[in-house]
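First up is the structure itself, then whatever we jot down about it.
Each value in this text was obtained by applying a stated rule to the coordinates, not by laboratory testing. Worth saying up front: this structure is predicted, and the values here are computed from it rather than measured. Using ideal geometry, Cβ is built from the backbone for each residue, glycine included, and neighbour counts are taken over all protein chains shown.
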Amino acid sequence: MGCSKIFWSICLDLEIKVEKIQPAYTSKTCSKCLSRKTQRPKQEQFVCLDCNYQLDADLNGSRNIENFYRNLNGLPVNITQVKTFKVDQSYDSLES
């Protein structure tokens with residue numbers, strides 16, 4: 001799944017840094033011990049068979065994406081610099 005040219009243009013205009021993170025194994029890797037010996041008993045549930053860590057599968061995947069970003073850049077994610085906007089907002093309203 002790729003990002004649209006409009007998305008990239010908006011991020012560039014708003015000076016939002018965007019990194020492409022390889023999504024491979026983000027949902028299969030334990031965000032606590034990095035094991036790939038895991039199970040998904042239900043779509044929303046993640047269980048590591050090595051360290052017995054259990055949490056929401058989406059949360060586990062998002063933590064892995066954050067960790068992959070940190071490893072790629074060697075930098076912490078600065079939450080104070082994260083900009084959010086609603087998907088249904090028009091481009092003009094994002095500039096204000």
Query raised in the report: From the list S4, S35, which one is on the phi < 0 side of the Ramachandran plot, touching a strand residue (DSSP E or B) at 6+ places or on another chain (Cβ under 8 Å) and without any contact (Cβ under 8 Å) to a residue 60 or more places away in the chain?
Result: S35
Query raised in the report: For the stretch 34-54, which residues satisfy the criterion of being in a loop (DSSP other than H, G, I, E, B) and within 21 Å of E66 (Cβ to Cβ)?
Result: L34, S35, R36, R40, E44, D50, C51, Y53
Report task. Kindly indicate which of S31, S9 is under 15 Å from N71 (Cα atoms) and either outside any loop (DSSP other than H, G, I, E, B) or out of contact with any Gly (no Cβ under 6 Å at 6 or more places or on another chain) (or both). Result -> S31
